[in-house]
Amino acid sequence: MIETPSVAKPREGTWLWLFKIVAGLMIVILLGIHFVVNHLVAPAGLLTYADVVRYYTIPFVPVMEILFLVFVIAHALVGLRGILLDLNPSDAVLRAADILFILIGAGFSIYGIWLVWAIVQQGRAL
Amino acid sequence: MMKKSPSPVNFWRWFDPRNRSISTWGFILNRVTALGLTLYLFMHLIVLGKLAQGAEAYDAFLEFAHTPVVMIGEMLVIAGGLIHGLNGIRIALNSFGVGVVRQKQILVGLMAAALIGTVVFAVKMFGS
């Protein structure tokens, strides 16, 4: 009897792949701004507490930083999933990893948004 | 697509330097910087929690962040970010069929740009 080779469907769907690419391009722009503000413009290469709070009083900055945060977390976790796929994990391992990545992503996104909100509140108190 | 059996050997193959083309080096560079940047991202987010504790806590951390070891670490992150970001643009373009024929030249050019960018940041950070 001739065995036909098993054919696996791609485990990173087109939409997930496309999201990783689009998020990556968004991050390049936002990370560029982040690097310039935090390491190039800032005296001695790092913003002080007062500088950070003042920076977040610029109206579009909190929204930009939240977008950056969400895109960078999602891109990192989808990328980690891609690296995991290189190891050809079993479906059960991949399912468990997916749940873990979603929990980590949601947790850090909520934490980051709370942190942005906390900094904005401190700027309002100035 | 043939389904390969699960094996950690597939992971360790990334670090095998034999018979590698320059585009494979680009792929490896992308993966290695991705792992480093992901580790840094989550550490960075946790440390930024100092901002919620007020000026004293954050500025005390900044003193530590200005030590040479941490500054060199920051430079590695900037270098990793530039390498991953610029190499990522090449991979995205290649995925859509753009620049595939000249991907080696594009990779070398972008990595040269990453090196120049890293030097600019280093001069600013260590020169001030």
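Miscellaneous remarks
- With respect to (1) surrounded by 16 or more Cβ atoms within 10 Å (Cβ to Cβ); (2) more than 20 Å from A:Val72 (Cβ to Cβ), the lone exception for B:Leu51 is condition (2).
- In the set B:Ala57, B:Ala92, only one residue is more than 26 Å from A:Val78 (Cα to Cα) and at the interface with chain A (Cβ under 9 Å from one of its Cβ atoms); that residue is B:Ala57.
- Residue count for region A:73-126, restricted to those that are of a type in the set (Gly, Ala, Ser), over 12 Å from the mean Cα position of the chain (by Cα) and farther than 30 Å from A:Arg54 by Cβ: 5
- Within region B:15-41, being hydrophobic (A, V, I, L, M, F, W, C) and either surrounded by 14 or more Cβ atoms within 10 Å (Cβ to Cβ) or more than 11 Å from every other protein chain (Cβ to nearest Cβ) (or both) holds for B:Phe15, B:Ile22, B:Trp25, B:Phe27, B:Ile28, B:Leu29, B:Val32, B:Ala34, B:Leu35, B:Leu37, B:Leu41.
- Selected residue (criterion: farthest from the other protein chains (Cβ to nearest Cβ)) from residues of region A:22-31 that are of a type in the set (Val, Ile, Thr) and within 13 Å of the chain's Cα centre (by Cα): A:Val22
- Hey, B:Ile116 free of Cβ contacts under 8 Å to residues at least 12 places away in the same chain, away from every other protein chain (no Cβ under 12 Å) and assigned to a helix (DSSP H, G or I) or not: yes
Read-outs throughout are calculated quantities, based only on the coordinates presented, and are distinct from any laboratory measurement. These numbers come from a predicted model, not from an experiment. So basically every Cβ, Gly included, is an ideal-geometry build from the backbone, and we count neighbours across all protein chains shown.
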